[in-house]
Structure formats: C-alpha cells, structure tokens
Amino acid sequence: MTSFGERIRAEMAAHGQLCVGIDPHAHLLAEWGLDVSPAGVREFGLRVVEAAAGRVAVVKPQVSFFERFGSAGIAALEDVLAAGREAGLVVIADAKRGDIGSTMDAYAEAWLEPESPLEADAVTVSPFLGVGALEGTFELAQRHGKGVFVLAATSNPEALTLQRAHHAGGETVSAAIVREVSARNAAVTPDGRWGSLGFVVGGTVDWADAGLRPFSPVAPILGPGFGHQGAEPHQLRARFGALSQAVIASESRSILAAGPDRLAARISERALLYRGE
C-alpha cells in the first residue's frame with residue numbers, strides 16, 4: 001500500500017501544488033444561481049469537483065459549510081467527498097477535529113476509515129489538547145494509507161497568543177507541535193520518502209516569528225491563505241524555503257468567485273502560476 005505522503009508527492013508532481021477549496025459561502029451560492037440549501041451546496045461541490053478533476057491534485061471541502069444544514073448537509077458532503085475521490089482527486093476534509101481518547105478515535109474513524117460515508121483521503125486536526133491525544137488518529141491513518149494535517153501555525157491573528165507562546169525550553173508551541181509530529185513521521189517513514197502526517201501552516205505566516213525551521217522527514221504542508229487572503233504563488237519559495245515543494249497551496253474564494261462558467265479556466269490559470277515554484 002502506498003503511503004499518503006508518497007501518494008500526495010506523486011500527485012503534486014503530476015498536477016502541481018494548487019489545492020481548490022470547496023467553500024460554498026452563501027454569497028457564492030447566490031452568485032452561482034444556487035439556493036442556500038443542502039441541494040445548493042451539493043451542486044456547488046460537485047461542480048467544483050468536475051472542474052478540478054485533471055487540472056489539480058487536491059480539493060479541500062470545508063466541512064462547516066455543509067454541517068450548517070444538519071443531516072441533509074452532511075448527506076450532500078458525503079456525495080461531494082465520494083465524487084472527488086472517484087474523480088482521482090486527493091480529498092482533504094477540512095474538519096479541524098480535536099478531542100481526547102475514544103472521542104478523537106471516533107472522529108478519525110468517521111473521516112479516515114475505508115467505506116465510511118464521510119471517507120476522505122486526509123483530514124485536518126487540532127493538536128491543542130496535546131499531540132499525544134491524536135495518537136489513535138495517526139495510527140488509523142497509517143494503517144489505511146491516509147493523511148492527517150495537524151494545525152501548527154495558522155495566520156489568523158487570534159492564534160498568535162497561543163501558537164507563538166514559548167515553552168520553558170524556549171521553543172514556540174508551533175515549533176513543539178512540528179517537532180513532536182515529525183518524530184512520529186520519522187519512526188515510520190523510510191529515508192527519502194515523505195511523511196504522511198502533514199502540517200497546516202498559513203501562507204502568510206512568518207516562519208521566524210513562529211519559531212519554525214525546516215523539518216525532517218519532509219511532510220506535506222497545507223498552506224491556506226493563498227489568493228483572496230493575500231499570499232501569492234510567486235511568494236511560495238520565499239515563505240517556505242527548502243520545503244516549498246511540499247506545500248499544498250490552498251485557494252478558495254479567489255477561484256470560486258469566477259463563477260461556474262469560468263471555473264475550469266480559473267483553476268487552470270491559477271494552477272499554472274504554481275508550476276514554476
């Protein structure tokens with residue numbers, strides 16, 4: 001079984017570093033001529049999957065935009081997740097789950113267990129109840145060739161107080177998360193291969209300010225904040241340095257605002273901007 005790290009590495013080599021976020025904001029649904037409803041978010045998601053297939057490696061449905069409609073919204077999300085995977089895309093469920101013990105294990109089973117209704121290729125998780133609380137999630141992901149993206153250094157200003165706080169040893173909370181998760185990658189990842197436990201590091205984050213530095217083994221970095229939030233493709237290498245080739249650059253509104261008729265063309269245009277990095 002190919003590990004998630006090696007799968008995403010191969011897919012990015014073939015299709016580039018752009019990830020298309022599937023974020024059906026109410027205003028976007030209206031602009032697309034869709035109802036703000038479970039049927040609307042389902043149609044929105046399926047159209048994005050269709051436009052992205054063959055043009056990029058990764059799509060990232062934002063779970064919250066589907067959850068707000070209750071069970072009908074979750075059913076719509078199930079269809080979008082399945083369609084993305086059937087189209088050969090790497091599907092990251094942006095759920096940001098975080099808990100302890102059997103509760104966290106149940107979250108992991110929902111998103112990473114094969115044949116689960118919500119099965120994705122990877123899921124985003126929060127480590128702020130302790131990286132150790134995610135051990136069951138890491139083990140499940142490894143067993144099934146899935147990926148996990150651990151929040152490490154996000155670019156929202158509310159995160160600064162916690163994530164930039166320093167341990168007694170001097171490293172920031174963000175740096176400690178990367179160190180602990182990288183140690184788990186190193187224990188199971190053969191030399192020269194990518195780890196399957198990745199990180200979420202915002203595209204606008206100052207690595208020095210966050211206390212971050214290159215880590216080993218290389219692991220995929222989900223980089224939100226490109227496009228609408230200000231980070232641009234030509235800044236990728238400057239921001240991520242030696243790890244820039246491992247960055248999955250996530251854009252949503254900058255692409256989705258093109259509307260359904262120009263969506264495929266906008267995806268192709270934005271994808272090309274990352275090819276030279």
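Quick notes on this structure:
- Selected residue (criterion: surrounded by the fewest Cβ atoms within 10 Å (Cβ to Cβ)) from residues of the range 177-194 that are of a type outside the set (Val, Ile, Thr) and under 15 Å from residue 125 (Cβ atoms): 180
- Per the conditions (1) over 24 Å from residue 121 (Cα atoms); (2) free of Cβ contacts under 8 Å to residues at least 40 places away in the same chain, the sole criterion not satisfied by residue 216 is (1).
- Sub-9 Å Cβ pairs linking a first residue in the range 259-277 that is farther than 15 Å from residue 12 by Cα to a second residue that is modelled with pLDDT under 95 and of a type in the set (Ser, Thr, Tyr), at least 6 apart or interchain, are 266/254, ordered by first then second residue.
- Within the range 145-156, restricting attention to residues that are surrounded by 16 or more Cβ atoms within 10 Å (Cβ to Cβ) and over 21 Å from residue 214 (Cα atoms), the residue that is nearest to the chain's Cα centre (by Cα) is 146.
- Looking only at the range 66-113, residues that are over 18 Å from residue 252 (Cβ atoms), in contact (Cβ under 8 Å) with a residue 24 or more places away in the chain, assigned to a helix (DSSP H, G or I) and β-branched (Val, Ile, Thr) come to 1 in all.
- All of (1) of a type in the set (Asp, Glu); (2) farther than 22 Å from residue 57 by Cα; (3) within 19 Å of the chain's Cα centre (by Cα) hold for residue 171 with one exception: (3).
- The sole residue among 120, 165, 159, 133 that is modelled with pLDDT of 95 or more and surrounded by fewer than 24 Cβ atoms within 10 Å (Cβ to Cβ) is 133.
The values are calculated or read from the model by the stated rules, or taken from the named source; none is laboratory data. All of these numbers come straight from a predicted model, not from anything done at the bench. FYI the Cβ positions are ideal-geometry reconstructions off the backbone, even for glycines, and counts take in every protein chain you see.
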